[in-house]
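Colleague: Below are the structure tokens for one structure; questions will follow.
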Amino acid sequence: MIEGASWRRWVFFYVPLTAFIVGLLFPFYWMVITTVRPDNELYRPWNAPNYAPFWTTHPTLEHIKDLLTETLFTTWLLNTMIIALSATIISLFCGLLAGYALSRLKFPLAGALGTGIFITYLVPQTLLFIPLADIIRNFRLGDSPWALILTYPTFLIPFCTWLMMGYFKSIPKELEECARIDGATRWKAMLFIIFPIAVPGILSAGIFAFTLSWNEFIYALVFLSSPDEKTVPVGVTSELIRGDVFYWGELMAGALLGSIPVAFVYSFFVEHYVASVTGSVKG
Amino acid sequence: MTFTTVAAPRSYARTPRRGPVTRLLEDERWLAIVLLLPTVVLLGLFIAYPFIKGIMLSVTDTKVGVPGHFVGLQNFVNVWHDGIFRVAVWNTCIYTAIATIFKLALGLWLAVLLNNNFKGKAFTRAFILLPFIIPTVLSTLAWKWMFDPTFSVINWGLYRLGIIDHRINWLGDPDLALISVIIVNVWRGVPFFAISLLAGLQTISPELHEAAAIDGARAWQRFRHVTWPLLLPVTLVVMLFSVIQTFADFQLVYVLTGGGPANATQLFSTYAYQIGIGTGLLSQGATISLAVFPVLLVVVIVQLFYIRKAETH
């Protein structure tokens with residue numbers, strides 16, 4: 001704690017911390033308040049005398065109703081859910097096996113493969129999306145969820161592998177050796193002794209992978225074109241803005257409802273998520 | 001020796017029957033191949049192959065639906081002489097540098113604040129990560145609405161506080177647009193820095209601080225000479241990730257300004273998108289992405305060098 005007089009505590013601790021919290025959370029408050037604000041209040045210029053931006057006296061669910069009935073929002077929600085879950089499962093599967101191999105087994109090229117996966121971990125999506133779009137077209141995967149289910153693992157697997165490698169290294173080797181002495185095969189020792197212990201690590205990697213897939217934008221923007229195939233981020237930005245007209249009520253309702261699944265998952269696994277964030281930067 | 005006689009007979013464990021596959025998997029090398037196969041196939045197909053394909057595209061004049069011919073390094077020459085590309089690279093560097101400095105400074109400050117014990121700490125930490133986990137595009141839309149030229153709540157606040165007397169056109173003014181975009185990037189990135197650095201801070205033993213305090217070091221001196229050097233390795237790794245992500249940022253600018261006004265916020269990624277996908281000039285677009293690759297590579301190598309150096313100290 002900050003030592004000294006109480007004014008010091010206020011100046012050096014409470015005031016800055018409150019400022020951070022307000023600054024970081026205000027946009028979400030703004031999302032909520034815009035969603036429930038009726039249109040005639042929404043489009044009142046900022047310097048109008050009766051402009052009261054921080055609350056509304058006539059809350060309405062009109063925007064949410066419009067969003068759910070007049071647009072394809074529920075379809076996008078379902079698409080995103082399917083894609084994010086499938087990509088997460090594929091990445092967890094690959095990352096778990098690869099992480100085990102790279103941290104536990106001795107084989108030629110182990111070092112090179114580890115470095116290779118670390119490098120792909122650092123490759124941003126924006127570097128490859130143009131040739132990848134061409135490849136997706138050639139594979140006839142364009143405009144289908146498979147385009148994303150198969151490409152999202154490219155940025156999720158390196159992360160999952162990295163996280164699982166760190167986790168496996170913390171499990172003592174003796175456990176496996178005991179199982180092997182008792183007659184278990186290498187395969188069974190891995191499957192029934194090591195993987196169950198690694199469940200917290202798997203959960204962390206899974207949560208992080210899920211939020212990353214939900215967040216992904218550029219691949220979804222480039223690979224999908226029909227309105228009913230889109231994911232939430234792409235659908236909200238491309239279909240709810242018609243020409244130059246922004247329907248802010250619906251847009252914010254879309255942003256809010258599109259964030260809820262991620263926030264929901266996150267709220268249950270905060271500790272795992274924090275572990276994965278800090279684990280992702282551990283060398 | 002007497003105790004050799006009490007050694008357990010080996011017959012208690014019936015050797016299980018093992019098929020040829022199981023026996024093969026007992027060999028570490030074969031097991032490694034099987035375990036790594038799915039990863040190598042997926043990464044090879046959708047990372048290594050696109051990378052090679054990108055290089056092949058960049059030396060032809062391929063357009064969407066039109067197979068290209070070999071043109072050598074013509075695309076790179078074009079890009080080099082392209083004024084917008086130069087602006088985009090310059091903007092990308094400025095955007096990355098300024099945003100990273102602010103994210104580091106604010107993130108470190110927040111981490112130090114959170115490292116105190118106070119009521120509701122876990123709760124605060126969970127809420128503070130929200131900007132990082134909520135899909136960027138969706139939270140950026142909220143910012144776009146907050147920056148709206150006519151209905152901006154930020155303008156309202158500043159006007160009420162008496163700081164401004166006319167509206168500020170956050171995203172429409174070429175001088176301000178890049179700053180506005182940087183603000184949103186910093187807002188989104190601070191939680192990641194704060195949480196990672198907080199984890200680093202928690203590994204520093206409080207005894208070191210106490211020892212320094214007994215020796216008469218003031219709070220700032222303790223931070224400068226105890227905390228900072230111990231935190232440096234984590235800081236450098238966090239910065240490495242942040243710099244790469246910021247350098248390659250796309251969604252934020254795409255939603256807020258689309259690269260405008262007059263290319264004031266054009267980044268290399270948004271420009272590559274405009275050329276490669278917007279106008280269908282695949283080769284030109286791939287060249288733009290590839291041309292920035294060396295810049296990114298140099299930045300990463302320099303950072304890895306410093307990380308290595310900090311870790312050996």
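Values quoted throughout were computed directly from the atomic coordinates according to the rules given, and no laboratory measurement underlies them. Quantities reported herein were computed from a predicted structural model and do not represent experimental measurements. Here the Cβ positions follow ideal geometry from the backbone for every residue, glycine too, while neighbour counts run over all protein chains shown.
Colleague: By how many degrees, between 0 and 90 and to the nearest 10, does the Cα long axis of helix A:270-280 differ from the longest principal axis of chain A?
Modeller: Relative to chain A, helix A:270-280 is tipped by roughly 60 degrees.
Colleague: Please name which of B:146, B:117, B:298 has its Cα lying farthest along the dipole of segment B:81-312 towards the positive end, using unit charges on Cβ (Lys, Arg +1; Asp, Glu -1) and the Cα centre as origin.
Modeller: B:117
Colleague: On to the next question. If you place +1 on the Cβ of every Lys and Arg, -1 on the Cβ of every Asp and Glu, and leave all else neutral, what size is the dipole of segment B:158-258 about its Cα centre, to the nearest 20 Debye?
Modeller: Computed about the Cα centre, the dipole is about 120 debye.
Colleague: Let me know the longest stretch in chain B that avoids all trypsin sites (Lys or Arg not before Pro) found in a DSSP loop with at most 14 other C-beta atoms within 10 Å.
Modeller: Counting at most 14 other Cβ atoms within 10 Å as exposed, the longest clean stretch of chain B is B:19-118.
Colleague: Here's a follow-up. Using DSSP H assignments, which helices in chain B have an axial alpha-carbon span of 30 Å or above and a mean Kyte-Doolittle hydropathy of -1.0 or higher?
Modeller: Numbers: long enough: B:83-114 (45 Å, 1.64); B:174-202 (43 Å, 1.49); B:282-312 (44 Å, 1.40).
Passing helices, by number: B:83-114, B:174-202, B:282-312.
Colleague: So, counting K/R as plus one and D/E as minus one, what does the shell of residues with Cβ under 11 Å around residue B:169 add up to?
Modeller: Details: positive: B:167; negative: B:148, B:173, B:175.
Once all neighbours under 11 Å are counted, the net charge is -2.
Colleague: How large is the charge dipole for the protein assembly as shown, taken about the Cα centre, if only the Cβ atoms of Lys, Arg (+1) and Asp, Glu (-1) carry charge, to the nearest 20 debye?
Modeller: 1660
Colleague: For chain A, which longest stretch is free of loop sites, where a loop site is one of the trypsin sites (Lys or Arg not before Pro) that DSSP puts outside H, G, I, E and B and that has at most 13 other Cβ atoms within 10 Å?
Modeller: A:141-283
Colleague: Using 13 Å as the cut-off for backbone N distance, which residues of segment B:294-313 belong to the label zone defined by a point 7 Å from the Cα of residue B:211 along Cα→Cβ?
Modeller: none
Colleague: Looking only at other chains, what is the average number of their beta-carbon atoms within 10 angstrom of each beta-carbon in B:241-253?
Modeller: Taking all residues of B:241-253 together, the mean is 3.
Colleague: What is the magnitude of the charge dipole of segment A:71-280 about its Cα centre, with +1 placed on the Cβ of each Lys and Arg, -1 on the Cβ of each Asp and Glu, and no other charges, expressed in debye to the nearest 20? Intermediate results must be reported in sequence, preceding the final value.
Modeller: On the way: 11 positive and 13 negative charges, 144 e Å.
In debye, rounded to 20, segment A:71-280 gives about 700.
Colleague: Roughly what would the spin-label model give for residue B:41 and residue B:80, points 7 Å off Cα along C-beta, in nm?
Modeller: 4.3
Colleague: Need the list of aspartates and glutamates near residue B:53 for cross-linking: C-alpha distance under 16 angstrom, and skip anything on the same chain fewer than eight residues off.
Modeller: Within reach: A:134, B:61.
Colleague: Now a separate question. Determine the calculated [θ] at 222 nm for chain A from helices alone, applying -39500 (n - 2.57) to every DSSP H run no shorter than 4 residues and normalising by the residue count; nearest 500 deg cm²/dmol. Intermediate values should be presented prior to the final figure.
Modeller: Numbers: 15 runs with 189 residues, N = 283.
The helix contribution divided over chain A gives -21000 deg cm²/dmol.
Colleague: Of B:48, B:38, B:20, which is farthest on the positive side of the dipole of segment B:17-58, counting Cα position, with +1 on Lys and Arg Cβ, -1 on Asp and Glu Cβ, and the Cα centre as origin?
Modeller: The Cα lying farthest towards the positive end belongs to B:20.
Colleague: To continue, here is another question. Amide H to amide H, which residues 5 or more places from residue B:60 or on other chains are under 5 Å from it, using H placed in the peptide plane?
Modeller: Hits under the 5 Å cutoff: B:71.
Colleague: How crowded by other chains is A:185-197, given as the mean number of beta carbons from other chains within 10 Å of each beta carbon? Don't jump to the answer; show the numbers that get you there.
Modeller: Numbers: counts 7, 7, 8, 3, 0, 3, 0, 0, 0, 0, 0, 0, 0.
Counting other chains' Cβ atoms within 10 Å and averaging over A:185-197 gives 2.
Colleague: Let me ask something additional. Run the simple label-point estimate for residue B:203 and residue A:245 please: 7 Å along Cα→C-beta, distance reported in nm.
Modeller: Inter-label distance under the simple model: 5.6 nm.
Colleague: Another question, if that's okay. Under 25 Å Cα-Cα from residue A:188, which lysines qualify once same-chain neighbours fewer than 8 residues away are excluded?
Modeller: Once the sequence-local lysines are set aside, what remains near residue A:188 is A:106, A:169, A:173.
Colleague: Would you order B:93, A:160, A:178 from fewest to most other beta-carbon atoms within 10 Å of each residue's own beta-carbon?
Modeller: Exposure proxy ranking, most exposed first: A:178, B:93, A:160.
Colleague: May I pose another question? How many Cβ atoms of partner chains, on average, are near each residue of A:98-108 if near means within 10 Å of its Cβ?
Modeller: Averaged over the peptide's residues, the number is 5.
Colleague: Continuing with this model, one more query. Going by how many other Cβ atoms sit within 10 Å of their own, how do A:231, A:88, B:203 line up, fewest first?
Modeller: Values: A:231 29, A:88 25, B:203 9.
Ranking A:231, A:88, B:203 by Cβ neighbours within 10 Å, fewest first, gives B:203, A:88, A:231.
Colleague: When you count, for each residue, the other Cβ atoms within 10 Å and take the mean per peptide, how do B:263-273, B:74-84, B:231-241 rank with the highest first? Don't jump to the answer; show the numbers that get you there.
Modeller: Numbers: B:263-273: 25.3, B:74-84: 14.8, B:231-241: 20.7.
Most protected by this proxy first, the peptides run B:263-273, B:231-241, B:74-84.
Colleague: Please name which of A:200, A:18, A:67 has its Cα lying farthest along the dipole of the protein assembly as shown towards the positive end, using unit charges on Cβ (Lys, Arg +1; Asp, Glu -1) and the Cα centre as origin.
Modeller: The Cα lying farthest towards the positive end belongs to A:200.
Colleague: Something else now. When the C-alpha atoms of the protein assembly as shown are aligned to their principal axes, what extent does each axis show, in angstrom, from largest down?
Modeller: 101, 74, 49
Colleague: Cut-off under 25 Å on the C-alpha distance; same-chain residues fewer than 8 positions from residue B:121 excluded. Which lysines are left, in chain and number order?
Modeller: Candidates past the 8-residue exclusion: A:282, B:103.
Colleague: Grab the DSSP H runs of chain B that are 4 residues or longer, score each as -39,500 (n - 2.57), total them, divide by all residues and round the 222 nm result to the nearest 500 deg cm²/dmol.
Modeller: That calculation yields -21000 deg cm²/dmol at 222 nm.
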